[in-house]
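A.B. asks: This is the structure I want to talk about, given as structure tokens.
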Amino acid sequence: ISSVTIPPSITLSGNEAFCNCYAIESLYITDLAAWCNIYFNGSESNPFNIDDLFGTPSPEERTLYVNGAKVTTLTFPDGVTSIGDRAFLGVTSITDIQFNQVTYIGQHSFARCNGLTDVTIPDGVIDISFSAFHDCTQLRSMSIPATLSSNSGLAMMYNCMALTDFYVHWTENIPTWMGYTNKSPQTDITLHVPCGTEELYNDANGWNGYT
């Protein structure tokens, strides 16, 4: 199978629905809002969520098409406030994201999106779930807003080894560091903070490991 077309009537995709479908390189949908609401229940439930344990060759690019148009800039339409778990896992054609009214980003929702290089998550996003941007191999910079809750974003950029710049915007009550990154040494990443808050971050465990 090299391409899959999924209609907006689908609301659930079960565990291993696309198990061992290593050759899928094109996904066609017509309703982006409906896609964000699909419950991808477990491993390999998404067409691009391939757990390639045996070195099986797979396409270098996995492309999303909405109404026949290749998606490079992913723009969420008005009314979409939640991005479901694993929704865009493995879509390498995405190079830019416009979140608009999104407030929740699900776990692994953009994991392995290897076309992403710079991501800015805007004010209004409150919750980023576990490993949302895990394994984005080309991700260089990430900016998260002050509206993000203090217990959100756990391991959001694990295995993003190209990351060099991390922008945060809290000016008081610096939240507990949520293991956002695991790049070693941590000093290879420059933390950008609001003017006048340097000492607050320098005194905070986890945060003070960045440059």
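A.B. asks: Test each condition in (1) of a type in the set (Ser, Thr, Tyr); (2) in contact with a Cys (Cβ under 8 Å, 6 or more places away or on another chain); (3) surrounded by fewer than 16 Cβ atoms within 10 Å (Cβ to Cβ) for Thr73 and report the one that comes out false.
C.D. replies: (2)
A.B. asks: Shifting gears a bit: Among the residues of region 70-93, are any outside any loop (DSSP other than H, G, I, E, B) and more than 16 Å from the chain's Cα centre (by Cα)? Give the derivation first.
C.D. replies: Step one: list which residues in region 70-93 are outside any loop (DSSP other than H, G, I, E, B), which gives 70, 73-75, 82-83.
Those left that are additionally more than 16 Å from the chain's Cα centre (by Cα): 70.
Yes, that holds for at least one residue.
A.B. asks: Six or more apart or on different chains, Cβ atoms under 9 Å: show the pairs whose first residue is in region 65-94 and more than 11 Å from Ser109 (Cβ to Cβ) and aromatic (Phe, Trp, Tyr) and whose second is open to solvent by 30 Å² or more (accessible area, probe 1.4 Å) and assigned to a loop (DSSP other than H, G, I, E, B).
C.D. replies: Every condition considered, the pairs that remain are Phe76/Asn100; Phe76/Gln101.
A.B. asks: Shifting gears a bit: Take Leu139 and decide whether it is part of a loop (DSSP other than H, G, I, E, B) and of a type in the set (A, V, I, L, M, F, W, C). Even if it seems obvious, please write down each step before you answer.
C.D. replies: Details: part of a loop (DSSP other than H, G, I, E, B): yes; of a type in the set (A, V, I, L, M, F, W, C): yes.
So Leu139 passes the test.
A.B. asks: I'm told Tyr201 meets every condition in (1) outside any loop (DSSP other than H, G, I, E, B); (2) touching a Pro at 6+ places or on another chain (Cβ under 9 Å) except one. Can you identify the failing condition by its number?
C.D. replies: Among (1) outside any loop (DSSP other than H, G, I, E, B); (2) touching a Pro at 6+ places or on another chain (Cβ under 9 Å), Tyr201 violates only (2).
A.B. asks: Of all residues being more than 17 Å from Arg140 (Cβ to Cβ) and open to solvent by 80 Å² or more (accessible area, probe 1.4 Å) in region 158-183, which is nearest to the chain's Cα centre (by Cα)? Just the residue, please.
C.D. replies: Filtering region 158-183 down to residues more than 17 Å from Arg140 (Cβ to Cβ) leaves 169-179.
Filter once more, so that each one left must be open to solvent by 80 Å² or more (accessible area, probe 1.4 Å): 169, 171-173, 176.
Working: His169: 19, Thr171: 25, Glu172: 26, Asn173: 26, Thr176: 21 Å.
Residue satisfying both the conditions and the ranking: His169.
A.B. asks: Condition test on Asn20, is it outside any strand (DSSP E or B) and either closer than 19 Å to Gly115 by Cα or open to solvent by less than 20 Å² (accessible area, probe 1.4 Å) (or both)? Even if it seems obvious, please write down each step before you answer.
C.D. replies: Working: outside any strand (DSSP E or B): yes; either closer than 19 Å to Gly115 by Cα or open to solvent by less than 20 Å² (accessible area, probe 1.4 Å) (or both): no.
So Asn20 does not fit the description; no.
A.B. asks: How about region 105-119: which of its residues are surrounded by fewer than 18 Cβ atoms within 10 Å (Cβ to Cβ) and assigned to a strand (DSSP E or B)?
C.D. replies: Of the residues in region 105-119, the ones surrounded by fewer than 18 Cβ atoms within 10 Å (Cβ to Cβ) are 117-118.
Residue satisfying the conditions is Asp118 alone.
A.B. asks: Among the residues that make up region 120-139, is at least one of them within 17 Å of Ile97 (Cβ to Cβ), acidic (Asp, Glu) and surrounded by fewer than 15 Cβ atoms within 10 Å (Cβ to Cβ)?
C.D. replies: Within region 120-139, the first condition is being within 17 Å of Ile97 (Cβ to Cβ), and the residues that meet it are 120-129, 131-139.
Next, only the ones that are acidic (Asp, Glu) stay: 123, 127, 135.
Still in the list and also surrounded by fewer than 15 Cβ atoms within 10 Å (Cβ to Cβ): 123.
Among the residues of region 120-139, at least one is within 17 Å of Ile97 (Cβ to Cβ), acidic (Asp, Glu) and surrounded by fewer than 15 Cβ atoms within 10 Å (Cβ to Cβ), which makes the answer yes.
The values are calculated or read from the model by the stated rules, or taken from the named source; none is laboratory data. Note that the coordinates shown come from a computational prediction; the quantities given were computed from them, not determined experimentally. Glycine gets a Cβ as well: all are built from the backbone with ideal geometry, and neighbour counts include every protein chain shown. The area values use the complete protein model at the heavy-atom level, side chains included, leaving out ligands, DNA and RNA. Shrake-Rupley method; radii C 1.70, N 1.55, O 1.52, S 1.80 Å.
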